[in-house]
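Only one structure is covered here, and it is reproduced in the block below.
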Amino acid sequence: MPTAFFVYILASQRNGTLYVGVTNDLARRMAAHKAKRVPGFTKQYGVTLLVYFESYESILEARAREHSLKRWRRAWKLKLIEDLNPDWRDLTEDLNSLAN
């Protein structure tokens, strides 16, 4: 099975602080964020809700998308989240279905 790379957006709460990241193991990364094992921004601001993610086959594609999203206006990111996850549900539990 080919390795997938994920670009993801975390939020502290609905319309709260946002964080854009990239990883090759989203379930592991989310466990680390939720346990506050990732030092820096997400730990400092309590940004632990997975509200959006995309999957890519190449790390280059994923990093390019991450870079692009980080430069987006906040309103654009909010619209992206609202369009796919209008209830701002924590998508972490959906990761189990991805792994199976």
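Numbers below:
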quantity	calculated
Residue check, T42 of a type outside the set (D, E, K, R), buried (at least 16 other Cβ atoms within 10 Å of the Cβ) and either at pLDDT below 95 or assigned to a helix (DSSP H, G or I) (or both)	yes
Close pairs (8 angstrom Cβ cut-off, 6 or more residues apart or separate chains): in a helix (DSSP H, G or I) and at pLDDT 95 or above in the stretch 66-79, surrounded by fewer than 14 Cβ atoms within 10 Å (Cβ to Cβ) and not acidic (D, E) anywhere	L78/N15
Residue match in the stretch 47-55 (condition: assigned to a helix (DSSP H, G or I) and not hydrophobic (A, V, I, L, M, F, W, C))	no
Verdict on T17 being surrounded by 13 or more Cβ atoms within 10 Å (Cβ to Cβ), more than 16 Å from T92 (Cα to Cα) and not aromatic (F, W, Y)	yes
Condition check for A32: among the aliphatic types (A, V, I, L, M) and either over 18 Å from L95 (Cα atoms) or touching a residue at least 40 places away in the same chain (Cβ under 8 Å) (or both)	no
Enumeration of residues in the stretch 80-93 that are part of a helix (DSSP H, G or I) and more than 14 Å from F6 (Cα to Cα)	L80, I81, E82, D83, L84, E93
Residues satisfying the stated conditions in the stretch 14-35, i.e. of a type outside the set (A, V, I, L, M, F, W, C), touching a helix residue (DSSP H, G or I) at 6+ places or on another chain (Cβ under 8 Å) and not in a loop (DSSP other than H, G, I, E, B)	Y19, G21, T23, H33, K34
Selection status of V22, closer than 19 Å to L84 by Cα and of a type in the set (V, I, T)	yes
Selection from the stretch 85-100 of residues that are modelled with pLDDT under 95 and either charged (D, E, K, R) or farther than 18 Å from L26 by Cα (or both)	E93, D94
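Matching residues to (1) under 15 Å from the mean Cα position of the chain (by Cα); (2) closer than 12 Å to V20 by Cβ; (3) small (G, A, S):
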{"residue": "R37", "(1), (2), (3)": "no, no, no"}
{"residue": "K43", "(1), (2), (3)": "yes, no, no"}
{"residue": "E54", "(1), (2), (3)": "yes, yes, no"}
{"residue": "R63", "(1), (2), (3)": "yes, yes, no"}
{"residue": "A75", "(1), (2), (3)": "no, no, yes"}
{"residue": "D87", "(1), (2), (3)": "no, no, no"}
{"residue": "D94", "(1), (2), (3)": "yes, no, no"}
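The values are calculated or read from the model by the stated rules, or taken from the named source; none is laboratory data. In this text the structure is predicted, and so the values were computed from the model without any measurement. Cβ atoms come from the backbone with ideal geometry, glycine included; neighbour counts cover every protein chain shown.
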